[in-house]
Amino acid sequence: MKKIILIFCVSLLIVSCKNNTSEPSTKIDDGGILVPKDISPGLYSDPIIVGEFVGELLNEGDTIPDFTINKGQVDEWSLSDLRGRVVYIKFWRSNCSNCRVSIPFLVEKYKEINDEGFVVVTVTSDITEKVSLDKTAQFITEYKMNDWINIYDGETKKTSIFKNYSIFGTPNGYLINKKGIIVKRIYPHEESFISTVNQELYK
């Protein structure tokens, strides 16, 4: 009888293991190194804030608040899936004159760094300015941003990265290390931009 019960329990365990096919997107290899998820560049929309609403100015040393794109879909991904890479997250809007000046600097610096371990994520608040998704896509193509992950932000506390990060002015941007920690607020026109990114890449 005990043998039958034991066999039954083992069978349940095997079935359970087979059915549990979900795995975390960001994995850790045998050496304890984060293996980030590959996220295709392009324009995404409808972000969802993960966890509680922050709504406060972020500082160096803070963990960058997470968000998810394509929630519940096959191609769902989150900002935290990029851990293991150095990320520059840039905030902009298409009718911001300073953004139009800043973006070409970032395009140039991105090409110069030329490292797969460095990812640019941009977030635009165009929706609040009544700029359509199609118009934003045209701007991204015009300003040669198609190699990046670009996000058309939402307007509510649950869907607005701008509100969650307390971003009131553009352009703005944070450099994030491989562990998802904010290194500093930095701008691509600064002379130290490339050296600061490279310093994080080599860690």
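Does Thr122 satisfy being polar (S, T, N, Q) and part of a strand (DSSP E or B)? For Thr122, the condition - polar (S, T, N, Q) and part of a strand (DSSP E or B) - is met.
Can you find a residue in segment 164-182 that is over 20 Å from Trp77 (Cα atoms), assigned to a helix (DSSP H, G or I), without any contact (Cβ under 8 Å) to a residue 12 or more places away in the chain and not aromatic (Phe, Trp, Tyr)? No: segment 164-182 contains no residue that is over 20 Å from Trp77 (Cα atoms), assigned to a helix (DSSP H, G or I), without any contact (Cβ under 8 Å) to a residue 12 or more places away in the chain and not aromatic (Phe, Trp, Tyr).
Considering segment 123-146 alone, what residues qualify as being under 14 Å from Ile89 (Cα atoms) and either of a type outside the set (Ser, Thr, Tyr) or surrounded by fewer than 16 Cβ atoms within 10 Å (Cβ to Cβ) (or both)? Step through it out loud before you land on a result.
Kept after step one, since they are under 14 Å from Ile89 (Cα atoms), are these residues of segment 123-146: 123-125, 145.
Matches in segment 123-146: Val123, Met145.
Taken together, the residues in segment 45-71 that are out of contact with any helix residue (DSSP H, G or I) (no Cβ under 7 Å at 6 or more places or on another chain), not in a loop (DSSP other than H, G, I, E, B) and not aliphatic (A, V, I, L, M) amount to 2.
Could you tell me whether Val87 is among the hydrophobic types (A, V, I, L, M, F, W, C), surrounded by fewer than 17 Cβ atoms within 10 Å (Cβ to Cβ) and more than 12 Å from Met145 (Cβ to Cβ)? It is false that Val87 is among the hydrophobic types (A, V, I, L, M, F, W, C), surrounded by fewer than 17 Cβ atoms within 10 Å (Cβ to Cβ) and more than 12 Å from Met145 (Cβ to Cβ). Taken together, the criteria place Ile176 among residues that are surrounded by 21 or more Cβ atoms within 10 Å (Cβ to Cβ), under 20 Å from Glu56 (Cβ atoms) and within 18 Å of the chain's Cα centre (by Cα).
For segment 103-127, what are the residues that are touching a Ser or Thr at 6+ places or on another chain (Cβ under 9 Å) and not hydroxyl-bearing (Ser, Thr, Tyr)? Talk me through it step by step, then tell me what you get.
Applying the first criterion (touching a Ser or Thr at 6+ places or on another chain (Cβ under 9 Å)) to segment 103-127 yields 103, 106, 124-127.
Those that are touching a Ser or Thr at 6+ places or on another chain (Cβ under 9 Å) and not hydroxyl-bearing (Ser, Thr, Tyr): Ile103, Leu106, Asp126, Ile127.
With respect to the conditions (1) farther than 19 Å from Pro188 by Cβ; (2) touching a Ser or Thr at 6+ places or on another chain (Cβ under 9 Å), Lys130 falls short on a single one, namely (2).
Of all residues in segment 156-172, which are of a type outside the set (S, T, N, Q) and touching a Phe, Trp or Tyr at 6+ places or on another chain (Cβ under 6 Å)? First the steps, then the outcome.
We begin by selecting, within segment 156-172, every residue of a type outside the set (S, T, N, Q); these are 157-158, 161-163, 165, 167-169, 171.
Of everything in segment 156-172, those that are of a type outside the set (S, T, N, Q) and touching a Phe, Trp or Tyr at 6+ places or on another chain (Cβ under 6 Å) turn out to be Lys157, Ile161, Ile167, Pro171.
Inspection of segment 95-102 finds a residue satisfying the criterion of being in contact (Cβ under 8 Å) with a residue 40 or more places away in the chain and assigned to a loop (DSSP other than H, G, I, E, B). From the list Glu52, Glu76, the lone residue that is among the charged types (D, E, K, R), in contact with a strand residue (DSSP E or B) (Cβ under 8 Å, 6 or more places away or on another chain) and over 28 Å from Asn114 (Cβ atoms) is Glu76.
If I filter segment 147-173 down to residues being among the β-branched types (Val, Ile, Thr) and closer than 16 Å to Ser94 by Cβ, which single residue comes out as surrounded by the fewest Cβ atoms within 10 Å (Cβ to Cβ)? Please lay out each step first, then the result.
So the first thing to find is which residues in segment 147-173 are among the β-branched types (Val, Ile, Thr), and the list is 149, 151, 156, 159, 161, 167, 170.
Keeping just the survivors that are closer than 16 Å to Ser94 by Cβ gives 151, 167, 170.
Details: Ile151: 23, Ile167: 22, Thr170: 20.
Restricting to residues being among the β-branched types (Val, Ile, Thr) and closer than 16 Å to Ser94 by Cβ, the top hit is Thr170.
Of the listed requirements (1) of a type outside the set (Val, Ile, Thr); (2) farther than 20 Å from Ile49 by Cα; (3) part of a helix (DSSP H, G or I); (4) in contact with a strand residue (DSSP E or B) (Cβ under 9 Å, 6 or more places away or on another chain), Asn146 misses just one: (3).
We did not get these values from a lab; they are worked out from the coordinates using the rules stated. From a predicted model like this one, the values you see are computed outputs, not experimental measurements. Every residue, glycine as well, gets a Cβ built from its backbone with ideal geometry; the counts of neighbours run over all protein chains shown.
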